[in-house]
1. Restricting region 62-89 to residues that are touching a strand residue (DSSP E or B) at 6+ places or on another chain (Cβ under 8 Å) and small (G, A, S), which is surrounded by the most Cβ atoms within 10 Å (Cβ to Cβ)?
2. For K105, are the conditions met, namely being open to solvent by 70 Å² or more (accessible area, probe 1.4 Å) and at pLDDT 90 or above?
3. Which of the residues belonging to region 3-32 are open to solvent by 60 Å² or more (accessible area, probe 1.4 Å), of a type in the set (S, T, N, Q) and in a helix (DSSP H, G or I)?
Amino acid sequence: MVYSSQEGYYKAIEQSSARSDCAPFIDFMLGEILHTLQQAVVAPPEACDKVQFIIHCIRENAAISAREMAERAGVSPRLIEKYLTEMKKKGILQREGARKSGRWKLLLPGE
């Protein structure tokens, strides 16, 4: 859970130590727990791999298309589009710019 947000984790510890107040660390951990729960609610277990795959692709290349993701995953573009639509509805990502020249923006804590 914290592995993907190590920088934020260490920053929260540093802030808590500097202020002699555990609130920054608690806020960080609660945010990570919320993020993890939101990921679990977004998709059933069999879909988690696809959602994580999409997040991974977007982190590598925010301009990637659904077709390119589908080719990399070996699935249909329609299946990737289905997951993208659900992720947008859940507030995990949004599309910025034009259809062909736009970019994906992840709306996850720490992004």
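The values are calculated or read from the model by the stated rules, or taken from the named source; none is laboratory data. Given the structure is predicted, the values throughout are model-derived calculations rather than measurements. Positions of Cβ are generated from backbone atoms using ideal geometry, with glycine treated the same way; all protein chains shown enter the neighbour counts. To get the accessible areas, we keep the full protein, side chains included, count just its heavy atoms, and leave off ligands, DNA and RNA. Shrake-Rupley method; radii C 1.70, N 1.55, O 1.52, S 1.80 Å.
1. In the first step, residues of region 62-89 are kept if they are touching a strand residue (DSSP E or B) at 6+ places or on another chain (Cβ under 8 Å); the result is 62-64, 84, 87-88.
Pick out the ones that are also small (G, A, S) and you get 62-63.
Working: A62: 14, A63: 12.
Only one residue tops the list, namely A62.
2. Values: open to solvent by 70 Å² or more (accessible area, probe 1.4 Å): yes; at pLDDT 90 or above: yes.
Judged against the criteria, K105 is a match.
3. Passing the criteria: S4, Q6, Q15, S17.
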